[in-house]
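Asks: Before we start, here is the structure in question, set down as C-alpha cells.
Nothing in this text is a laboratory measurement; each read-out follows from the coordinates by a stated rule. Just so it is clear, the structure is predicted and the values come from calculations on it, not from any experiment. Don't worry about glycine lacking a Cβ; one is built from the backbone with ideal geometry, like all the others, and counts go over all protein chains shown.
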Amino acid sequence: MNIQYFPLISSCRFKCKKVITVLSIIIIAITPLILYIAIFHAGLSEKESNWEAFGSYVGGIYGALGFFAVAYSIYMTKEQFQTQHEDEVFYKSMEGLQTRVLFIPKKGQDDSTETSIAKAAVETLNKELENQTPDMALRILCNNPNLIPDTNLSTIVDAVNLNIKNPERQISSTVFLDEVNSRQEPFHRSEYLKCILGGVGFQSHEIKRALTAAGYTSFYKAGFEHRKLFYEHAWGTVNSHYGEEINLYIKKLDFILNHIAVSKRRSVHKKYLLAHISKYDIALLFYYALTYSDFDIVKLLFRFDLHGEVRREECRYLLFDCPSEEKVLADLEFIRKRLKINT
C-alpha cells in the first residue's frame with residue numbers, strides 16, 4: 001500500500017471514532033431527563049415551584065456535563081492533532097528511508113544500475129569474508145588447530161605434500177597436527193605454518209584452496225572473538241565504498257525507531273516498519289550489531305526484535321556460509337551480553 005494513503009486512513013478512523021463519540025454524548029445528554037422522569041414521575045406541571053426545581057436540576061446537571069464535554073473536546077482535538085502529526089512524521093520518514101537512502105548506483109558499474117545500500121553492503125561483506133577464508137583457517141590453526149575437521153586437515157596436508165618431491169619427507173595429518181600442538185605459543189605456531197604452508201600471498205594454489213575450504217567449515221566453530229577480527233576487516237572495505245550511505249541509513253533508521261518508541265500508535269508503526277524491512281536490511285543490521293558498539297541503536301534494534309528476524313532461513317541464507325539458527329542465536333546472545341540487554 002502506498003505511504004501517501006496512510007494519513008487518509010488515519011483521518012477515516014478518527015471520523016469513525018468521532019461518530020461514536022457523538023452518539024455517546026447524546027446518550028449521556030438524555031439520561032438525566034429519563035432518570036428525572038422515572039424517579040419523580042414528572043409530567044408537565046402548572047406549578048412554578050416545580051419548574052424552578054426542574055430548572056435547578058437541569059442547570060446543575062447539564063452545566064457540569066457541558067464543562068466535561070468542552071474539556072473532552074479539547075482533549076480529543078489535541079489527541080487527533082498529535083496522532084496525525086506522529087503519522088505524518090513516521091510515514092514521511094519511512095518514505096525517505098526507502099527512496100533516498102536505500103537506492104544507490106552500484107560501485108564500478110553503470111550509473112543506471114541501482115541496488116539497495118543494504119544489498120550492496122551485505123554482498124561486499126560476504127565477498128570480503130570469503131577472501132579472508134585462508135587467513136581464517138591459519139588463525140584457527142594458530143589458536144585452536146583441533147577445530148579444523150579431519151577431512152579439511154587431510155586436504156591441507158595433501159596440498160603440502162604435493163610440493164615435497166621426496167616421498168620420505170612427506171608428512172601425515174597426525175604428524176602435522178602434533179607438530180602444531182607441540183608449539184604452545186601462537187607466534188611459534190605461526191612461524192611453523194609459514195614454513196610448511198608458505199607465507200600469505202606465497203602459498204601454492206592447492207594450499208590456498210585447501211585453506212579456503214577449511215576456513216569455510218571452521219569459521220562458526222571458533223568463538224566470536226576469533227571472528228570479530230574478520231568482521232571488522234570486512235566492514236573496513238564496506239565503509240571505504242559505502243560509508244556515507246550506511247551512516248545516513250543508520251541515522252534515519254535510528255530516528256524512526258526512536259519516533260516509534262514514543263508514538264501513541266507504536267504497535268501499528270512497528271508492524272509497518274517490519275513489513276517494509278527487507279531480508280538484506282536484516283542481514284546488514286545483524287552484521288552491524290556484531291561489529292559496532294553503537295549501544296543506543298543496537299538496543300533499539302533488539303527492542304523492536306529486528307534482529308530476531310535474522311533467524312529466518314531466507315535471512316540466514318544471506319549471511320556468510322549460511323550459519324544454522326543455533327549459531328545465529330549464539331551470536332545474538334553474545335550481543336545481548338556485550339550490551340547488557342535483558343532477554
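Asks: Mind scanning Lys252/Lys299; Lys252/Lys340; Lys119/Lys208; Lys194/Lys221; Lys228/Lys327; Lys252/Lys327 and naming the pairs with a C-alpha gap bigger than 19 Å?
Replies: Exceeds cut-off: Lys252/Lys340; Lys119/Lys208; Lys194/Lys221; Lys252/Lys327.
Asks: While we're on this one: What's the magnitude of the charge dipole for segment 228-339 around its Cα centre, counting Lys and Arg as +1 and Asp and Glu as -1 at the beta-carbon? Answer in Debye, nearest 20.
Replies: Dipole of segment 228-339, to the nearest 20 debye: 640 debye.
Asks: Let me ask something additional. Tabulate in residue order the Karplus-calculated ³J(HN,Hα) for segment 326-339, using 6.51 cos²θ - 1.76 cosθ + 1.60 with θ = phi - 60°, rounded to whole Hz; enter x for Gly and Pro.
Replies: With coefficients 6.51, -1.76 and 1.60, one gets 5, 5, 5, 4, 5, 5, 4, 5, 4, 5, 4, 5, 5, 9 Hz.
Asks: May I ask which of Lys78/Lys264; Lys127/Lys279; Lys127/Lys165; Lys264/Lys337 have a Cα-Cα span longer than 24 Å here?
Replies: Too far apart for the 24 Å limit: Lys127/Lys165; Lys264/Lys337.
Asks: Would you tally the net charge around Phe90, using a Cβ to Cβ cut-off of less than 13 Å, leaving Phe90 out, and scoring K and R as +1, D and E as -1?
Replies: With Lys, Arg at +1 and Asp, Glu at -1, the net is +3.
Asks: Continuing with this model, one more query. Using each residue's phi in segment 319-324, evaluate 6.51 cos²θ - 1.76 cosθ + 1.60 at θ = phi - 60° and report the 3J(HN,Hα) Karplus result to the nearest Hz, with x for Gly and Pro.
Replies: 7, 4, 6, 6, x, 6
Asks: Here's something else I'd like to know. Under a 5 Å amide H to amide H cut-off, with H placed in plane at 1.01 Å, what residues pair with Thr115 once short-range neighbours are removed?
Replies: Distant-sequence amide H within range of Thr115: Ile104, Lys106.
Asks: With a cut-off of 8 Å between alpha carbons and a minimum separation of six or more residues, what is the relative contact order of segment 228-339 in percent?
Replies: This gives 25 percent for segment 228-339.
Asks: Let me ask something else. In which sequence would Asp305, Asp254 go, from the one with the fewest C-beta neighbours within 10 Å to the one with the most?
Replies: Least to most surrounded, the residues fall as Asp305, Asp254.
Asks: Another question, then. Taking θ = phi - 60°, what integer Hz values does the Karplus form 6.51 cos²θ - 1.76 cosθ + 1.60 yield along segment 79-88, in sequence order, with x for Gly and Pro?
Replies: After applying 6.51 cos²θ - 1.76 cosθ + 1.60, I find 5, 5, 4, 5, 5, 5, 5, 4, 5, 4 Hz.
Asks: Which trypsin sites (Lys or Arg not before Pro) in segment 286-315 sit in a loop by DSSP (not H, G, I, E or B) and have at most 15 other Cβ atoms within 10 Å of their own Cβ?
Replies: The qualifying sites are Arg312.
Asks: In addition: Give me the distance between the Cα centres of segment 210-242 and segment 172-206, rounded to whole Å.
Replies: So the two Cα centres are separated by 20 Å.
Asks: Now, a different point. Provide the gained length on full extension for the span Asp254 to Lys327, in nm with one decimal, where the gain is 0.36 nm per separating residue minus the Cα-Cα distance.
Replies: 23.6 nm
Asks: Also, quick follow-up: Please state the relative contact order of segment 147-260 as a whole percent: Cα pairs under 8 Å, 6+ residues apart?
Replies: It comes to 32 percent, rounded to a whole number.
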